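Following: one structure in structure tokens, then a few remarks.
The values are calculated or read from the model by the stated rules, or taken from the named source; none is laboratory data. Being a predicted model, the structure only gives us computed values, none of them experimental. Heads up, the Cβs are rebuilt from the backbone with ideal geometry, glycines too, and the neighbour counts pull from every protein chain shown. Areas reflect the complete protein model, heavy atoms only, side chains present, ligands, DNA and RNA absent. Shrake-Rupley method; radii C 1.70, N 1.55, O 1.52, S 1.80 Å.
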Amino acid sequence: MSSLLKPFSVFEGPCDSCSVRRACRSSTSHQQPPSQRLAAAAGLGFLPAHQLPYAARRNLAAAAVGGRKITHPGKAILAGGIAGGIEICITFPTEYVKTQLQLDERANPPRYRGIGDCVKLTVQDHGLRGLYRGLSSLLYGSIPKSAVRFGTFEILSNPMRDATGRLDNTRSLLCGLGAGIAEAIMVVCPMETLKVKLIHDQCSLRPRYRGFFHGVSEIIREQGVRGTYQGLTATVLKQGTNQAIRFYVMNALRNWYKGDDPGRDMHPIVTAMFGATAGAASVFGNTPLDVVKTRMQGLEAHRYKNTVDCAFQILKHEGPQAFYKGTVPRLGRVCLDVAIVFVIYEEVVKLLNNVWKTQ
């Protein structure tokens, strides 16, 4: 803080902006301490530093050291992991229903007539716990997935932000794409493969897997580690476009909401609404990729030569509408998912900012 009290040139640090430079060039401003000159430039008048509101003093201090409002990658990783774990515990039943409907191919007599029928038959056969079959594999994956996603996004976006910490929409699209690809390769593909296999196994008359760890051991024993990376290409395409769309829409809405005031706080309800909108956009944008990914990770993935062949077979035998199977339950799950994750992430970051001081 002592550095704030040292005189500095009008062409250094915060005075490099046009508005501050004009204020500092005035004859009266050169006679004022740095904190008062900054306050004048910010439209706060020539007030003594101790009379400035706390928020104003904090913002001026950040400006004085030339800092931008960015999130430390370590905070992003921790906050993302916490948000991912809480979110999946809330929304997993919708993911279960979506996966079941996508696996219910038209080539065979359909087992389910719709969302309600899928829920009804699952509860009848396995109880309420049946809607949470495969949760453990997704839970183990959701925490590191969100951690990698937000950590990678902050690592990529921080150098691209302007002096106020604002990120333009095009760069947010690219950073989201990078975050999606990273999480697909590091976490999503193996965990999604295990989840789909466990859910698909439940449809069998004699389920083979007794639980998550038994299923993992059996899959690796029979197919090797490669068996957990089925559908990698489809997963990379899906997750990359997913996060590109979500971060683009979320950032665009955030920039629109804040306007010319990058420091304006967003209420959690506003964050949730923007997150739900971003989630809906990603559903309509890449559900076909999600369907192909699910088929490539199922127990009958051996029927397809590769991702392109899988898409061709779906189109040939089931028609183009098959690419949007499970859209409704996925829409509900993803909108809730993205809204919850962004709200929890933002609130956890705020909490970490109070207890974890970083520049």
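I'd like the full set of residues that are surrounded by 23 or more Cβ atoms within 10 Å (Cβ to Cβ) and either farther than 17 Å from LEU331 by Cβ or of a type outside the set (A, V, I, L, M) (or both), limited to the stretch 240-249.
ASN242, GLN243, ALA244, ARG246, PHE247
Being at pLDDT 85 or above and not β-branched (Val, Ile, Thr) is true for just one of LEU194, LEU205, LEU177, LEU198. Which residue is that?
LEU177
Just checking, which of PRO159, PRO207 is of a type outside the set (Lys, Arg), closer than 26 Å to ARG111 by Cβ and surrounded by fewer than 19 Cβ atoms within 10 Å (Cβ to Cβ)?
PRO207 is the lone residue from the list that is of a type outside the set (Lys, Arg), closer than 26 Å to ARG111 by Cβ and surrounded by fewer than 19 Cβ atoms within 10 Å (Cβ to Cβ).
Being more than 30 Å from LYS350 (Cβ to Cβ), among the aliphatic types (A, V, I, L, M) and not assigned by the TED database to the domain that holds ILE77: is that true of VAL270 here?
The answer is no for VAL270.
Mind checking whether some residue in the stretch 129-139 is free of Cβ contacts under 8 Å to residues at least 24 places away in the same chain and over 14 Å from VAL187 (Cα atoms)?
yes
Would you please name the residue that is least open to solvent (accessible area, probe 1.4 Å), looking only at residues in the stretch 66-88 that are at pLDDT 85 or above and not in a helix (DSSP H, G or I)?
Among those residues, the one meeting the criterion is THR71.
Output the number of residues of the stretch 296-335 satisfying the condition of being crowded, with 22+ Cβ neighbours inside 10 Å and of a type outside the set (A, V, I, L, M, F, W, C).
7
Please verify whether the stretch 137-155 includes one or more residues that are in the same structural domain as GLY85 (by the TED database), on the phi > 0 side of the Ramachandran plot and either of a type in the set (Gly, Ala, Ser) or open to solvent by less than 20 Å² (accessible area, probe 1.4 Å) (or both).
No, every residue in the stretch 137-155 fails to be in the same structural domain as GLY85 (by the TED database), on the phi > 0 side of the Ramachandran plot and either of a type in the set (Gly, Ala, Ser) or open to solvent by less than 20 Å² (accessible area, probe 1.4 Å) (or both).
Among the residues of the stretch 130-169, write down those that are charged (D, E, K, R) and more than 28 Å from GLY263 (Cα to Cα).
ARG133, LYS145
Given the criterion touching a His at 6+ places or on another chain (Cβ under 7 Å) and of a type in the set (Gly, Ala, Ser), identify the matching residue among GLY285, GLY298.
GLY298
Go through the residues of the stretch 228-239 one by one and say whether even a single one is buried (at least 22 other Cβ atoms within 10 Å of the Cβ) and under 24 Å from ASP168 (Cβ atoms).
yes
Find the residue count for the stretch 259-295, including only residues that are of a type in the set (Phe, Trp, Tyr) and surrounded by fewer than 19 Cβ atoms within 10 Å (Cβ to Cβ).
Residues meeting the conditions: 1.
May I ask you to verify whether ASP117 is surrounded by fewer than 20 Cβ atoms within 10 Å (Cβ to Cβ), under 21 Å from THR287 (Cβ atoms) and among the charged types (D, E, K, R)?
Yes: the conditions hold for ASP117.
How many residues are touching a residue at least 60 places away in the same chain (Cβ under 8 Å) and either in a helix (DSSP H, G or I) or among the hydrophobic types (A, V, I, L, M, F, W, C) (or both) if we restrict to the stretch 89-128?
Number of matching residues: 15.
Residues in the stretch 95-128 that are touching an Asp or Glu at 6+ places or on another chain (Cβ under 9 Å) and at pLDDT below 80: how many?
Adding up the residues that qualify gives 8.
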